[in-house]
1. So what does the Cα-only Debye profile of the range 391-463 read at q = 0.16, 0.22, 0.26 Å⁻¹, as log10 I(q)/I(0), no solvent term?
2. What FRET efficiency would be calculated for the residue pair Asp135, Lys583, taking the C-beta separation as r and a Förster radius of 60 Å, to the nearest 0.05?
3. Based on Cα positions only, what radius of gyration and what Dmax would you give for the range 321-462, in angstroms?
4. Taking the alpha-carbon distance from Lys279 and a cut-off under 15 Å, which aspartates and glutamates remain once sequence neighbours fewer than 8 residues away in the same chain are dropped?
5. Using a Förster radius of 45 Å, what is the FRET efficiency between Arg328 and Asp545 based on their Cβ-Cβ separation? Nearest 0.05, please.
6. Can you compute the modelled spin-label distance between Asp295 and Glu106, with each label point 7 Å from Cα toward Cβ, in nm?
7. Among 101-109, 381-389, what's the highest-first ranking by average C-beta atoms within 10 angstrom per residue?
8. Please list 353-360, 263-270 highest first by mean number of surrounding beta-carbon atoms within 10 Å per residue.
Amino acid sequence: MATAPHEFIALPRLSRAVYDWVESVRQLTQPAAVHWCEGSTAELREITASLVQSGELSALNAQSFPGCHLARSAPNDVARVEHLTFVCTKSKEDAGPNNNWMAPDEAKAKLRGLFKDCMRGRTLYVVPYCMGPIDSPLSRCGVEITDSAYVVLNMSIMTRMGRAALERIARTGHFVKGVHSIGELDPDRRFIMHYPEELSIESFGSGYGGNALLGKKCHALRIASWQARTEGWLAEHMLIVGLQNPKGETHYIAAAFPSACGKTNLAMLIPPESMPGWKVFTVGDDIAWMHPGPDGRLWAINPEAGYFGVVPGTNAETNRNAYEMIRRDTLFTNVAVTADNQPWWEGLKSGTPVTDWQGRPFDPSNGPAAHPNSRFTVSARRNPSYSPHSESPAGVPISAFVFGGRRREVAPLVYEARDWAHGVLVGASVASETTAAATGKVGVVRRDPMAMKPFCGYNFADYWQHWLDIGAKLKRPPRIFHVNWFRRDAQGKFLWPGFGDNLRVLAWMLGAVDAPIGGLPRPEDLHTQGLDIRPDALRELTSIDAAMWRNEVGEMRSYLSQYGARLPAALTRELDKTEERLKKD
Ligand code: GTP
Ligand code: SPV
Ligand code: MN
């Protein structure tokens, strides 16, 4: 019989290190049962069925949404909680002004108190996962311990989860440790703790998204960014997309936009009809891990296997790929439902909500029917534009970086940085209006360097220095651009149509002209055939207001000053140069 011998080894016996750690967490949390996740279809079907039985999940209309389910979170647990998220390094300076900091001993004592006996009567799930293709040297593994079956289902879609990951851990001996409990879902007893020096995470009191799916923001960004700095690579909040031009040449672009600012949509955009011959391939929609390659280029993998995407706004016109993708085998969280049990959300353009995201009869005076941060969890393989290179162990070579934010004014549609050091300043200058992806006020402009403000696991000053160092190592560094799809006119209407038409801007990135803040396109440089836009809107989008920009430079100077002596001198020099150029304007 040609059965591989490993199939007979029980999961708890694969890795002594994992077993011993699970045992210590079991003793602390006192669960009624321990379940090691295989990751098999049968196992996931069983977990889903038990959640449907207990009422934590409900099946959606099986004709129009086969295999789809709805989960409703606690109403006070609907987004990431940045004020309760901490980076716990020995030295406060290493976490930097960009993070909340707590001493590791204090954080651990606090969490030990919360975790004690917290899983009584519950099942403790052991979730081994691999971030990145299972056979890629660039991938990294972790194990999440959780008492939420909903988290297990999400992790099974978002990562390579189960036996193969645990086998890899047993082989390499390395894994990031994550302990998660939903606790009582009490916002006053909620903490998301990171110990980068120990490669571990502790999360208590939330069952939602980035707070609870520890492979995502906690591991693949906060912990990985720390590791990446130590080891000479980059872990970034970036989508990865391949663009094939009509000549058949494919270039890969990695783009960093803050949460709910357009990464998933750009990663799977559909070319406008007036640009025949262009093709788009999605490698990733949220996170990129990038290593300098022997050829002097930067090579990127997507550590994730699925998308945890914003639902509102998705429709057949804005993004047909996404719209089709989420009609099957998709887990919806916090959307509304129609009378015939179909999911419904704002911007869907058809159907009528009868039950809101909290399960109440829909009443517009209670606010939107779907929560603004309602999400879909779906396998990347469901994406019609999924790139086969997503599975490539070596990753894909990056030709350009794009930074952007959501800004009603100041930032033009697109411009190019003059060189790498200027590009690092451009990335560091990203500012964006806050969104529903995190709790707190929405629509407030804040600095969000490289879209990493909530996700960098160490001091931003050291992070910018690391970016400068990586650039110096690359013989063929990616070109660096800044975009803004969200400029508005005096009436508050978007000046740029966005979505598929964003390809016009990406296509331009193959050649740019000089302007004081870097390279801006002239309106005639953009592919505008078939574009429905007023000429004055296009002129506004492709110009800058020097007075506003002088003010912006001043704000940037004061923002950077909080990083004190640790701030790389090269960034201050780039800011001085930008200011000089603006004086000539
Ligand atoms: P996270 O998953 O939170 O990191 O978000 P994301 O960056 O992937 O954002 P996503 O693509 O999900 O878009 C968030 C919201 O912005 C959705 O409501 C979209 O409909 C909207 N959006 C995306 N791209 C565009 C665009 O080009 N123009 C406009 N006006 N809106 C956009
Ligand atoms: C984000 O907020 O950037 C997300 C959603 O991608 S979450 O997984 O909740 O972090
Ligand atoms: Mn994100």
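1. Values, matching the q order: -0.72, -1.09, -1.24.
2. Numbers: r = 54 Å, r/R0 = 0.90.
Here the calculated transfer efficiency is 0.65.
3. In order Rg, Dmax, the Cα atoms of the range 321-462 give 19.5, 56 Å.
4. Within reach: Glu249, Asp501.
5. Details: r = 47 Å, r/R0 = 1.04.
E between Arg328 and Asp545, to the nearest 0.05, is 0.45.
6. Reported label-point gap for Asp295 and Glu106 is 5.0 nm.
7. Working: 101-109: 15.0, 381-389: 16.9.
Highest to lowest by the protection proxy: 381-389, 101-109.
8. Details: 353-360: 18.9, 263-270: 25.5.
In descending order of packing, they fall as 263-270, 353-360.
The values are calculated or read from the model by the stated rules, or taken from the named source; none is laboratory data. The structure presented is a predicted model; accordingly, all values stated were derived computationally and were not measured. Cβ coordinates were reconstructed from backbone atoms using ideal geometry, including for glycine residues, and neighbour counts include every protein chain displayed. SASA here: full protein model, heavy atoms, side chains in, ligands and nucleic acids out. Shrake-Rupley method; radii C 1.70, N 1.55, O 1.52, S 1.80 Å.
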